[in-house]
1. Among the numbered conditions (1) in a helix (DSSP H, G or I); (2) out of contact with any strand residue (DSSP E or B) (no Cβ under 7 Å at 6 or more places or on another chain); (3) in contact (Cβ under 8 Å) with a residue 60 or more places away in the chain, tell me where B:T85 comes up short.
2. Can you tell me which residue in the stretch A:272-303 is nearest to ligand 4 (Cβ to nearest atom), limited to those that are more than 9 Å from chain C (Cβ to nearest Cβ), over 17 Å from B:N226 (Cβ atoms) and surrounded by fewer than 23 Cβ atoms within 10 Å (Cβ to Cβ)?
3. Return yes when A:R113 is closer than 30 Å to B:H560 by Cα and more than 7 Å from chain B (Cβ to nearest Cβ) and no when it is not.
4. Please verify whether A:S305 is assigned to a loop (DSSP other than H, G, I, E, B), touching a helix residue (DSSP H, G or I) at 6+ places or on another chain (Cβ under 9 Å) and touching a residue at least 60 places away in the same chain (Cβ under 8 Å), treating the condition exactly as stated.
5. Taking B:Y274 as meeting all but one of (1) touching a Ser or Thr at 6+ places or on another chain (Cβ under 8 Å); (2) closer than 30 Å to B:P155 by Cβ, write down the number of the exception.
6. How do the strands (runs of 3 or more DSSP E) wholly within the stretch B:369-415 filter down when requiring 3 or more residues that are surrounded by fewer than 23 Cβ atoms within 10 Å (Cβ to Cβ) and within 12 Å of another protein chain (Cβ to nearest Cβ): which remain?
7. Tally the residues that are open to solvent by less than 30 Å² (accessible area, probe 1.4 Å) and either assigned to a helix (DSSP H, G or I) or touching a His at 6+ places or on another chain (Cβ under 8 Å) (or both), restricting the search to the stretch C:155-181.
8. Only residues that are within 14 Å of chain B (Cβ to nearest Cβ) and either open to solvent by 10 Å² or more (accessible area, probe 1.4 Å) or free of Cβ contacts under 8 Å to residues at least 12 places away in the same chain (or both): list them for the stretch A:131-162, please.
Amino acid sequence: MKETFYEVMRRQGITRRSFLKYCSLTAASLGMGPGQAMQIAQALETKERVPVIWLHGLECTCCTESFIRAGHPLAKDVILSMISLDYDDTIMAAAGHQAEEILKETREKYDGRYILAVEGNPPLADDGVYCIPGGEPFVDKLKYMAAGAKAIISWGSCASWGCVQAAKPNPTQATPVHKVIRDKPVIKVPGCPPIAEVMTGVITYIVAFDRLPELDRQGRPKMFYSQRIHDKCYRRPHFDAGQFVEQWDDENARKGYCLYKMGCKGPTTYNACSTVRWNEGVSFPIQSGHGCIGCSEDGFWDKGSFYDRLTNIQQFGAESNADKVGMAAAGVVGTAIAAHAAVSVIKRLSTTSSGSVPEKSDQA
Amino acid sequence: MSVTTPNGFNLDDSGRRVVVDPVTRIEGHLRIEVNVDNDNVIRNAVSTGTMWRGLELILRGRDPRDAWAFTQRICGVCTGTHALTSVRAVEDALGIQIPENANSIRNIMQLTLQVHDHLVHFYHLHALDWVDVVSALKADPKATSELAQSISNWPLSSPGYFRDLQGRLKKFVESGQLGPFKNAYWGHPAYKLPPEANLMAVAHYLEALDFQREIVKIHTIYGGKNPHPNWLVGGAPCSINLDGTGAVGAVNMERMNLVSSIIDRCIEFTEQVYIPDLLAIASFYKGWLHGGGLSSTNVMSYGDIPEHANDYSAGNLLLPRGAIINGNLAEVHEVDLRDAEQVQEYVTHSWYKYADESRGLHPWDGVTEPNFELGPKAKGSKKHIENLDEGAKYSWLKAPRWRGHAMEVGPLSRYIIGYAQGNPEFKEPVEAVLRHLDVPVTALFSTLGRTAARGLECQWAAHKLKYFQQKLMANVKAGDSSTANTEKWEPSSWPRDVKGVGFTEAPRGALAHWVHIKDTKIANYQCVVPTTWNGSPRDPAGNIGAFEASLMDTPMADPHQPLEILRTIHSFDPCLACSTH
Amino acid sequence: MSEQAATAAHRTSIYVYEAPVRLWHWINAAAILVLALTGWFIGSPPPSVPGEASDSFLFGYIRFAHFAAAYIFAVGFLARIYWAIVGNHHAKQIFYLPLWSPKWWKEVLFEMRWYAFIEKAPMKYEGHNPLAHLTMFLLFTLGSIFMLLTGFAMYAEGAGMDSWQHAWFGWVISLFGDNTQNLHTWHHVGMWVFVVFVMVHVYAAIREDIMSRQSIISTMISGERMFKDDRP
Ligand code: HEM
Ligand code: HEM
Ligand code: NFV
Ligand code: SF4
Ligand code: SF4
Ligand code: F3S
Ligand SMILES: [Mg+2]
């Protein structure tokens, strides 16, 4: 099982020649000369695997579940050959203090060299009592492990944004990782959960290129999060044509028309679902008939029903959307105008007939 | 001090206190504290959920059609079962009928979860309690091959295959970077497998890790992704269009074929790898019959997998329904989730507040109000807990009770009830296993029994998958391809004030959601979850929960290395995010 | 303003809205009409079109019309700003409010009383009366900036992260809590602000044309403000 990066690449059908080519490309992209390409090749052939510590806060473990679904590379190759997953309470063999010792040891032995992956988030209310693995508030453990980490990966919408437990009224004050750890690079890999190959893609990129991926304004890797579901949705021609599912399981649904009217959030959701797709490309939510619910977006739980095209405006209470507010306002204004016009007319008529001619109508 | 609980356990907390926190290879955060006597036998057990997310509060005021998505995020491991429970609860409240095809698709989704979850549990969460990875280095690949071929026709079993694997394992261990296998209990005296069996198990650990990815593709086809596929109140979100215009945008022949082929492989893997491994491993451990706990006295299941749509009566459910109390297998009680006297939750020992904590609340009247406090006998502080005080509040799990009884739920409970009801689908495989291992029926009430029942259920579910996929095809062939009923989709068509309950048999046991819908919004939502039953803390009468009961009287080889505790607790497949939600 | 009014008292007509302003006004009005109409359909699409997707582009055209009108609206707004700088002093009026002038505030209150039928006669203005001025600044000028920013931020999403639209307007997304669903919602609310503005604006224009002491509608056509009397 212990294989170097090189061996894994070999096993996946990559020849020594293309391996070396890969190394020289890597060297070139890092601005190094050809001499250093050999160094990289050597390093990848022999180097120690990067320790990864995977902590769980308040979450549902679906990020781990998604991760083990990875097909390329296989999750087992990532876990056993590309990185050293020294701590992940969902799969690790050790428990209790034998498990906790690994945290301490990693901080001492690999200070500044390990990656901290976080699934879920710390609740801050009431001194953190809503998540106390090991008898201590999770937030303390998170800060302790973050302090020695090279970089932090925020897995999923929980770690990235807060996700479901942070939905209103957020009873535990669940808080995304970057709001607690401010002095380390944080790579957000949102999604509820994120796509398996997106997760392994981010990890292997870091390991293979020995640098962090380019991030967008919100801290997400551009390679997977720079476009919306809608931008590459295969139902987009139906959107442009004006062909929509009008009701669940209607004729249009059976023909695979656009789900916009069923509340699809593809137009506002940045994720790789419509391109990478799920579970090795088998499908993705829209392909299986349900709209995107926006699961990789900040606060997607609190925008109103997943089935509404026009979503809620928090400021005006849970029941309102833009059209309801707008029509109400236009109705009030319209009525006021009509009334005002009526009074104006009556005034004008009555003042003229009463004979007390006002100045302004002198020349009317 | 020694006391006897109403459910018949002698608790003695005078011995040495041992803490296991975190309990790993589970979902979520669990803490176990036990007291061991001078012979290192467990005499007192305390199970504590150490997380709470507040989903029941978050659901209030929401659109009931959205609830499935929220509740599904209670857990990503038993992904889908909460969503199914939720749409059933909402449909029950609003009187929505679903099409026959939607029922088949939902059953397929649920059975896929059973197969996946059980397989992953056995190999990736539980196996390392029985399998010593490091001992596999000492195995003879040829003997391993013989062992493998003697129990199954599975093709990956040549000496070369095992030699290659062993070689890679050796390099891995020698690298000094043990990753997830670091600091574990290798060499612990409780491990009983010969090196060859260990090597075979390691091979299947890796094969199962690869194969589980395939199983979930059924969810991907009908629900768009896994984990967390999509669901719909009123049916299933995927349309069926076998051969019409635009069929490629729906469930079509190619999709159906993909599902069918995955189902065949599920049956194959379960029967040629999982069950043979289970029996082989069990045969080395059949002397270790600890961990029975409540299984020999109080078990319950709600039933699931409706044959026909919209009928949730026991007769229409393929998984058994009922409750057994006080060990009387001759009588299976009917379970009524609407009856205010049956399912009730207590919080005397939970970190919640009720107006009157001496009484339990039926979930329709359920209250969730957090209230964290450590008891007077607790050691340490809120920010650094050393020991909990089980005399006071000590867990984020509520304590659900059925007519006042602490109950065990899960595959073993389902099989015991099916067995007691004389249902051959459950009785015959159980008897076959008992015969194969040459153990009495009482051996069922144990850690091993729980693990075995899960394997049998995985096999049962794989076959039922095939059944419902064929049923779906037949119904489409007969001209019905409807998957959703939208008559009551619009909230304006709903009654003003209604209550509903939905239930499933989740991989870990009986699950139900109770919903109160008022003015088209959720007024109250309460989930009572399998691990809430099993991991429950004490109730006001002093009954201990199923986890706690199962640990009682177990001897430990070395309390410092809590392998026995892990083994028994893992046999329930705990899910703490589920249990506290 | 009353100095202006005072000087105006001796003349019957004054040139207020220069040709570019008038031209802009009507082009702008047409653009907004298109924007609101197509915007409405973007929010609530018309019934589905039958046939092959490749045979129609209805929703595409609706959105195209919205974006085309949006560019006209945007260019017009910039041109209008330019004219505020180089044009006459009336051209500057809608871009600022004399919040520091107590007299202006007093006249706002006066106009309110006039609209509440408390004052018997209105005052005379060369440009917009203070209440109109206030409404135009708040609803139209700020409203336009808001619609431009939110609109181009959404447009940037389609144009992609490497587009100039994204470089210039991407920051707006973050103002709305990083989920562009909010952006859509608020842009949509903005449409209703415009609907309300136009309703009030057109009503007031017609009413004032009849009831005030000066010409109104024809002024936006000819540019000449005609006064109906000679009194201050
Ligand atoms: C008075 C001016 C405008 C009005 C009344 C208006 C109105 C609307 C409305 C009602 C929507 C639908 C929003 C939704 O429900 O999602 C919309 C969408 C949009 N508007 Fe505007 N808009 C205006 C100006 C602009 C401008 C200046 C731009 C800049 C390019 C713009 C770009 C967009 C874009 C990109 C969309 C989203 C289209 C889509 O999602 O397919 N709008 N507009
Ligand atoms: C979308 C529709 C419209 C918008 C956004 C709009 C906007 C404006 C703005 C911003 C001004 C101030 C011009 C300046 O000072 O530079 C203005 C003035 C004016 N508009 Fe409109 N307008 C619209 C439609 C109309 C219509 C339909 C009429 C005719 C009934 C009209 C009549 C006038 C008049 C008469 C003025 C001059 C007011 C005055 O003399 O004080 N507008 N409009
Ligand atoms: N306990 C539990 Fe679940 C299950 N099975 C659900 O209801 O795991 Ni997360
Ligand atoms: S992001 Fe979503 S899917 Fe992942 S742990 Fe959180 S709730 Fe679960
Ligand atoms: S289905 Fe959703 S993402 Fe796809 S085109 Fe329609 S609106 Fe866009
Ligand atoms: S709901 Fe999530 S999984 Fe993809 S299609 Fe939408 S981001
Ligand atoms: Mg509950």
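1. The single condition B:T85 does not satisfy is (2).
2. Across the stretch A:272-303, the extreme among qualifying residues is A:D302.
3. no
4. When the stated conditions are applied, A:S305 does not pass them.
5. (1)
6. B:379-381, B:384-387
7. The number of residues fulfilling the criteria is 10.
8. A:I132, A:G134, A:G135, A:E136, A:V139, A:D140, A:K141, A:K143, A:Y144, A:C158, A:W161
The values are calculated or read from the model by the stated rules, or taken from the named source; none is laboratory data. From a predicted model like this one, the values you see are computed outputs, not experimental measurements. Positions of Cβ are generated from backbone atoms using ideal geometry, with glycine treated the same way; all protein chains shown enter the neighbour counts. When the accessible area is computed, the model is the full protein with side chains, heavy atoms only, and any ligands, DNA or RNA have been set aside. Shrake-Rupley method; radii C 1.70, N 1.55, O 1.52, S 1.80 Å.
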